[in-house]
Amino acid sequence: MTRLIDSIRRGVALSLVVGLTAVGAVACGSSGTVQTPTTVSGAQEGGKLTIGISFDQPGLGLRDGDTYSGFDVLTATYVAQALGVPKENITWQRADPAEREKLLADGDVDLVFSTYSITDERKQKVDFAGPYFLAHQDLLVRRNETDITGPDTLDGRVLCSVTGTTSSAYVTANFLGNIQLVEKPRFSDCVAALANSEVDAVTTDDVILAGFAAQPEYKGKLKVVGKGFTDEYYGVGVPKGDDEMVAKVNDALKQYIADGSWKAALDQTVGPSGYSIPSPPTPGSV
C-alpha cells in the first residue's frame, strides 16, 4: 500500500487550493458550506491515503455502490486534503468496529474515521487525533414501545449491540443483569433485527441511531429513546507511535471547525435526521 506518511515528513508548509466537490457533493463557499482546506504545516501535495470508514451508518459512513457519504466521510476528505491528498487519491476501506485496531496495526489503513470512540483501553493499541464529535450512548426501540425508557428498564429484554464497540462493553459491565445481549457484526444487522421484532432494543451512539431511524424503511417505525447515558468522544485512529501524524490531523481538525466546515458538514449529513447538532469539541483535549 502506497502511504503518505513518508512524504508528509519530508514536506514543507505550503498552501493548496483543491476543490471539495466530493464524496458528499457539497459546494465550497463562505457560509453554511464546507470550505476548501489549506494544507497544514509540514504537509506536502500528492501521495495517497487509505482511510477506514463504516460502510453501513446512514449520515456518518455509508457506501452505496461506488459512492461514499456521511459526516465521517466528509471529515476524512477534508483532513486528507489538508494533508495534501486530493479526494481522488483516497482509498476507502471498510472498518467494522471489531477490526479497527487490527487494520491500523497491520498497516491496512493509514487513518480510521468510523465513529471511533476514544478510550484508555484503545489507546494501548492505537493513537488518536481529535476528538471531532461528542455523541452519547442511547437506545433505539420500535415506535410503539413505551416501557423501555433507558438502560435500567431493559430487565428481561433482548438487547442488540455490535462486537468490539464501547456500547457493548458498557452494557456488559453495568447493566447486564437479566438483559439478554445479542452481538452482531454491524449496526445495520441490529437495526434490521429490531424492525423484525427479533430483539427489543439496539444500543449504540445516539447520532448513529438517529441516522437509522430517519431511513425511509424505518421512518415512523423506530425511535431513539433520547436519554443518553455516556459521553463518546469520536477520534481519528492513527497507527501507534505516529505522534507527527496525530499533530497534523489535529491541526486539520482545528481548521475544519474554525472555518465553519464542521458545522456545514453536520448540517448536510446528520441534520436531516432531526438530531440536534452539538457544539464542537476541542481536538487534542482528550
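The values are calculated or read from the model by the stated rules, or taken from the named source; none is laboratory data. Computed from a predicted structure; not experimentally measured. Methodologically, a virtual Cβ is constructed for each residue, glycine included, from the backbone with ideal geometry; neighbour enumeration extends over all protein chains shown.
Quick notes on this structure:
- Every residue from segment 159-172 that is more than 20 Å from LEU62 (Cβ to Cβ) and in a strand (DSSP E or B): LEU159
- Sole residue being under 24 Å from LEU103 (Cβ atoms) and out of contact with any Gly (no Cβ under 6 Å at 6 or more places or on another chain), chosen from ILE208, ILE148, ILE179: ILE208
- Condition met for VAL34 (modelled with pLDDT of 95 or more and either more than 19 Å from GLU232 (Cβ to Cβ) or β-branched (Val, Ile, Thr) (or both)): no
- Considered as a group, the residues in segment 139-183 that are out of contact with any Leu (no Cβ under 8 Å at 6 or more places or on another chain) and closer than 20 Å to GLN215 by Cα include one that is modelled with the lowest pLDDT, and that residue is VAL162.
Conditions (1) within 19 Å of GLN57 (Cα to Cα); (2) of a type in the set (Gly, Ala, Ser); (3) touching a residue at least 24 places away in the same chain (Cβ under 8 Å), marked per residue:
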| position | (1), (2), (3) |
| --- | --- |
| ALA201 | yes, yes, yes |
| GLY211 | yes, yes, yes |
| GLN215 | yes, no, yes |
| ALA252 | no, yes, yes |
| GLN268 | yes, no, yes |
| PRO281 | no, no, yes |
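- Residues of segment 201-257 that turn out to be more than 27 Å from VAL126 (Cα to Cα) and among the basic types (Lys, Arg), as a count: 4
- Those residues of segment 80-110 which are hydrophobic (A, V, I, L, M, F, W, C) and under 25 Å from GLU121 (Cα atoms), in sequence order: ALA95, ALA98, LEU103, LEU104, ALA105, VAL109
- Checking ALA105, ALA129, ALA98, ALA82 one by one, the residue that is in contact with a Pro (Cβ under 8 Å, 6 or more places away or on another chain), in the same structural domain as THR36 (by TED's automatic domain parsing) and modelled with pLDDT under 95 is ALA98 and no other.
- Scanning segment 180-192 finds one or more residues that are touching a Cys at 6+ places or on another chain (Cβ under 7 Å) and within 16 Å of ASP56 (Cα to Cα).
Results for (1) in contact with a helix residue (DSSP H, G or I) (Cβ under 9 Å, 6 or more places away or on another chain); (2) without any contact (Cβ under 8 Å) to a residue 12 or more places away in the chain, shown as yes or no for each residue.
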{"position": "ASP64", "(1), (2)": "no, yes"}
{"position": "SER69", "(1), (2)": "yes, no"}
{"position": "GLY84", "(1), (2)": "yes, no"}
{"position": "GLU88", "(1), (2)": "no, yes"}
{"position": "TRP92", "(1), (2)": "yes, no"}
{"position": "GLU99", "(1), (2)": "no, no"}
{"position": "TYR116", "(1), (2)": "yes, no"}
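- Residue satisfying condition, being of a type in the set (Asp, Glu) and closer than 18 Å to ASP242 by Cβ, within set ASP110, ASP120, ASP96, ASP147: ASP110
- When segment 123-172 is limited to residues that are within 28 Å of VAL73 (Cα to Cα) and among the polar types (S, T, N, Q), the one that is surrounded by the fewest Cβ atoms within 10 Å (Cβ to Cβ) turns out to be GLN124.
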